[in-house]
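One structure is given here, and the rest of the page talks about it.
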Amino acid sequence: MRYGYFDNASKEYIITDPKLPVKWINYVGGLYFGGFVDHTGGSLICKGDPAINRIVKYIPQLPDSDFKGETLYIRIKENDGYKFFSPFYVPTLDNYDLYECHVGLGYSRIISEFYGIRADITIYVPHKSDRVIRDIKIRNLRNKPVDIDVIPVVEYTHFDALKQFDNNDWVPQTMQSKAVYEENGLITITQFAFMRKNSSVNYFTSNNSVSSFETDRRLFLGNNGYGTWACPISLYNDELSSYEALRGDNICALMHHLGQMDPGGEKRVITQLGQCENVKEEKKIIDYYRNEENVDKAFSDLKSFWDKYLSTLHVETPDEDFNTMVNIHNPRQCYITKNWSRYLSLYQMGLGSRGMGFRDSSQDVLGILGNMPEEGCELIEKLLQVQKIDGSAMHQFNPVTMIADEGDARERQDRPKYYGDDHLWIVLAVSTYLKETGDIDFLDLNIPFYDKNKDGLPLENGTVMEHLQRAIEFTHDNIGQHGLALLGFADWNDTVNLPAGAESVFNANLYGYALLEMMDIARYLNEVELARKYQNYHETMKNAFNDACWDGEWYIRYFDKDGNALGSKNNDKCKIYVNAQSWPVISRFAPADRAKKSLGAVYKYLNTSKGIKLSAPGYNGYNPDIGGITTYPPGAKENGGIFLHANIWAIIAETIVGNGDRAYEYYNQINPVTKNNNIDEFECEPYVYPQNILGDEHPQFGLARNSWLSGTASWAYQAATRYILGILPSLEGLILDPCIPAQWNGFRVTRKFRNAIYIIEVANTAHMSKGIKTLIVDGKKIRGNIIPIYDDGNEHIVRAIM
Ligand code: GLC
């Protein structure tokens, strides 16, 4: 069953049935101000920090039919009294004549028709502004005039989102709303909680005169508090009570009488939900966004931002679903993960100080460096500030306060305190940035390490290059009995937590790959000795790995402190892990014959029609000695689930060995676009990658969860563009090394790179998967497969024959 369709001309996905199996969301604004909007108009908005500066109350665990954060009522005066409905489906749950939710880039637009009224509401945060605009257009579709009221509603939360649930006396006693009356019947209602460390207030206002308002939820719902959001009793009265709540559950509902609308007539109400220090001072900006033309301009500026963002890369391949993802939805998801890390989604509520993940953000940034290198660089600088003097990194940090912590490693006293992989990811982020931009001076920038003295000042600074070198040395110095990198609390797989002394094949291979990147940098800088040193490190780890980890048909995944293997044919559970097969190809540790065998084992033992399982078979029962993986039933999440992030590395590994058909098969089977006709099984948004899909050991095989904030986004984009289409920035130029399905006749790509536009056409009449035979740039034949850097602002025509 389908619930909507892709409209690539408008770069939207259009939902046509609101009764989705789960809420589908879209992001507006950024962490500085913003959050998400669901397909029924509910929203979760915060400013700067979802945990301690939350603005609206959104509780995803409540039933989907419940009010969440914001809604809108439209009221019609009939002869027999008032009729009202919400154009968002929730909370009135009406059966509309038309419902559409256009999931756009940075905005959602909900259109519905009911009772002969058309409502068209666009919801967004103007680019870099700190307010949510709801641009509400109402049209009378009847052939008679109609009297219409528009009542938008917001429900606030205490700014400390956890306190909201923790204390139900203190919290409501601190919450207050006040009306600020303005000229022409305009009103701005502020809402605040005592105890805020600053004086800022939330506010809700519109551009139309407000005849009355409500700030107390109990009064709005009516019936002594036993009214419902589906049918608020107060909406049967001509006016709301205009009560300024001194405590309680604060909401803000604004009554707008639009008056008589003739047949075909249209009226517009624009609301703003924001937060500021002082509404009187903010009034100028509030007034600016009350003006329809300014709001139209803000919306078109938002569109321009996205057009520019997407213009870095445009592909035309024979596969429409591939194009849809790579041209629109995948880069959008990369931007969202770069902004939000794992901070706020339907699945992560930004509580418990998780903040941004060091490993997560170091990978997310890889997905946007071509489109917005400056913003990427800003994030990389922050990440480097949470790296420690010893080269390891703090696991997560709050991007506003820059306070970091050790993540889950805090909770287990009997386990190492650091994650064995975190610091290595930053090497990939920096080298990808350098390769994209050529900004080699970045390596000389001084950045403090995280460790502080008693006054809170950094103990040491180091250049970016020093940071990278320390990252490498940390792993070099922390190896176990087989010469492999130590696991630490965990590696990329957060859920296997073994006592100190355990070794990780993942960390060993990530180190191998990071070393390759360091060699590229060292060679470019003409640091011959350094390059040689890293070459030796690579060789040493490669040998240790191949000596200790080959299991006959595949590579094992971990050694515990006593030298017992996990992810081996000798284990009962989790005998084979995909990452232990894909990464040795990526790190170039696996010799060709082993690469072939182990990738074959992935296909044989881990692949399903809906994606590759992370490991198999799953554990069945909690075992604190192994850790979080055993908290899931077999087939779920890291325990034998289809963890999409790791699927992508298998795709990349297949392209490295030249198996374009297999890479494409893997890509396709998890491309969310292909799930559009099967949503009842998949359930999540078909326009973003989820983090996980239940595996075939689980009765709900195929069910997706944890959509949006997953490292899958960045890696899928890289897999598609750098490895399948093979357009790979390097320090020397743009490498062209596609690995495509043999059946493709070719493809076209427009890629902006180093201040030039490359129009690339690859012909594959020989039906190969890999290997460029001829490369012609601007009519001249070029040796090898590196397209030069032009830096001249011009277009360059690249023709390649495979
Ligand atoms: C989650 C975490 C990520 C981790 C992955 C695998 O996606 O955000 O950091 O690598 O799970 O455990």
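The values are calculated or read from the model by the stated rules, or taken from the named source; none is laboratory data. Values in this document were obtained by computation on a predicted structure and should not be read as measured data. Neighbour counts are summed over all protein chains in view; Cβ atoms, including those assigned to glycine, are modelled from backbone coordinates with ideal geometry. Only protein heavy atoms, including side chains, enter the accessible area calculation; ligands, DNA and RNA are left aside. Shrake-Rupley method; radii C 1.70, N 1.55, O 1.52, S 1.80 Å.
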Notebook entry, point to check: Within segment 593-629, can you find the residues that are of a type in the set (G, A, S) and either away from the ligand (no atom under 13 Å from the Cβ) or open to solvent by less than 10 Å² (accessible area, probe 1.4 Å) (or both)?
Noted result: A595, S598, G600, A601, S609, G611, S615, A616, G618, G621, G627
Next item on the list: Have a look at D422, D494 and point out the one that is buried (at least 24 other Cβ atoms within 10 Å of the Cβ), charged (D, E, K, R) and either closer than 30 Å to N647 by Cα or under 30 Å from the mean Cα position of the chain (by Cα) (or both).
Entry: D422
Notebook entry, point to check: If Q363 satisfies every condition in (1) closer than 30 Å to I479 by Cα; (2) open to solvent by 10 Å² or more (accessible area, probe 1.4 Å) but one, which is the exception?
Noted result: (2)
Next item on the list: Please go through segment 311-358 and pick out each residue that is of a type in the set (S, T, N, Q) and within 12 Å of the ligand (Cβ to nearest atom).
Entry: T337, S341, S345, Q348
Item checked: Unmet criterion (only one of (1) open to solvent by 20 Å² or more (accessible area, probe 1.4 Å); (2) at pLDDT 95 or above; (3) among the polar types (S, T, N, Q)) for S177 -> (1)
Margin query: If I go through segment 630-663 residue by residue, how many of them are away from the ligand (no atom under 16 Å from the Cβ), assigned to a helix (DSSP H, G or I), in contact with a strand residue (DSSP E or B) (Cβ under 9 Å, 6 or more places away or on another chain) and open to solvent by 10 Å² or more (accessible area, probe 1.4 Å)?
Written below: 1
Notebook entry, point to check: Pick from segment 674-718 the residues that are in contact with a Ser or Thr (Cβ under 6 Å, 6 or more places away or on another chain) and farther than 25 Å from L599 by Cβ: which of them is farthest from the ligand (Cβ to nearest atom)?
Noted result: E685
Checklist line | Candidate set from segment 199-220 (those that are in contact with a helix residue (DSSP H, G or I) (Cβ under 7 Å, 6 or more places away or on another chain) and hydrophobic (A, V, I, L, M, F, W, C)); member that is surrounded by the most Cβ atoms within 10 Å (Cβ to Cβ) | finding: F220
Item checked: Scope segment 56-102; condition farther than 21 Å from M261 by Cβ, charged (D, E, K, R) and open to solvent by 30 Å² or more (accessible area, probe 1.4 Å); matching residues -> D64, D66, E100
Next item on the list: Quickly run through segment 732-767 and pick out the residues that are among the aliphatic types (A, V, I, L, M), in a loop (DSSP other than H, G, I, E, B) and under 20 Å from I368 (Cα atoms).
Entry: A756
Notebook entry, point to check: Considering E381, E411, E406, E374, which residue is touching a His at 6+ places or on another chain (Cβ under 7 Å) and on the phi < 0 side of the Ramachandran plot?
Noted result: E406
Check: Do we find a residue being aliphatic (A, V, I, L, M) and either surrounded by fewer than 16 Cβ atoms within 10 Å (Cβ to Cβ) or modelled with pLDDT under 95 (or both) anywhere in segment 182-198?
Finding: yes
Notebook entry, point to check: List pairs: first in segment 693-710 and within 16 Å of D680 (Cβ to Cβ) and of a type in the set (V, I, T), second away from the ligand (no atom under 16 Å from the Cβ) and not in a strand (DSSP E or B), Cβ under 8 Å, 6+ apart or cross-chain?
Noted result: I693/K610; I693/F682; I693/G702; I693/L703
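Yes/no matrix, rows are residues, columns are (1) open to solvent by less than 20 Å² (accessible area, probe 1.4 Å); (2) modelled with pLDDT under 95; (3) hydroxyl-bearing (S, T, Y):
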site	(1), (2), (3)
K267	no, no, no
G274	yes, no, no
E282	no, no, no
Y288	no, no, yes
E293	no, no, no
D296	no, no, no
S304	no, no, yes
Item checked: Hey, V326 hydrophobic (A, V, I, L, M, F, W, C) and over 30 Å from R748 (Cα atoms) or not -> no
Item checked: Entirely in segment 296-399, the helices (runs of 4 or more DSSP H) that have 1 or more residues that are under 12 Å from the mean Cα position of the chain (by Cα) and of a type in the set (A, V, I, L, M, F, W, C) -> 330-340
Margin query: Cβ contacts < 6 Å: first residue under 21 Å from P63 (Cα atoms), restricted to segment 220-241; second residue open to solvent by 70 Å² or more (accessible area, probe 1.4 Å) and not β-branched (V, I, T), any location; separation 6+ or different chain. Result?
Written below: G225/R218
Item checked: Those residues of segment 489-503 which are away from the ligand (no atom under 13 Å from the Cβ) and touching a helix residue (DSSP H, G or I) at 6+ places or on another chain (Cβ under 9 Å), in sequence order -> E503
Item checked: Residue check for I111: open to solvent by less than 10 Å² (accessible area, probe 1.4 Å), part of a strand (DSSP E or B), touching an Asp or Glu at 6+ places or on another chain (Cβ under 7 Å) and aliphatic (A, V, I, L, M) -> yes
Check: How many residues are surrounded by fewer than 18 Cβ atoms within 10 Å (Cβ to Cβ) and not charged (D, E, K, R) if we restrict to segment 758-772?
Finding: 6
Note to self: Looking at segment 498-525, I want the residues that are free of Cβ contacts under 8 Å to residues at least 60 places away in the same chain and under 9 Å from A485 (Cα atoms) and have a partner that is of a type in the set (V, I, T) and surrounded by fewer than 24 Cβ atoms within 10 Å (Cβ to Cβ) with Cβ atoms under 8 Å, at least 6 apart or on another chain. Which pairs are those?
What the structure shows: E503/I479
Next item on the list: Name every residue in segment 142-174 that is at pLDDT below 95, out of contact with any Lys or Arg (no Cβ under 8 Å at 6 or more places or on another chain) and part of a loop (DSSP other than H, G, I, E, B), in order of residue number.
Entry: N167, N168, D169
Checklist line | Whichever residue in segment 477-488 is part of a loop (DSSP other than H, G, I, E, B) and closer than 14 Å to P416 by Cβ and, among such residues, is farthest from the ligand (Cβ to nearest atom) | finding: G480
Check: Taking segment 778-795 on its own, how many of its residues are surrounded by 13 or more Cβ atoms within 10 Å (Cβ to Cβ) and under 10 Å from L736 (Cβ atoms)?
Finding: 4
Check: If we scan segment 159-167, do we find a residue that is open to solvent by less than 10 Å² (accessible area, probe 1.4 Å) and at negative phi?
Finding: yes
Notebook entry, point to check: Going through segment 705-731 one residue at a time, which ones are of a type in the set (F, W, Y) and part of a helix (DSSP H, G or I)?
Noted result: W715, Y717, Y723
Item checked: Any hit, segment 665-686, residues being of a type in the set (K, R), open to solvent by less than 40 Å² (accessible area, probe 1.4 Å), in a helix (DSSP H, G or I) and without any contact (Cβ under 8 Å) to a residue 40 or more places away in the chain -> yes
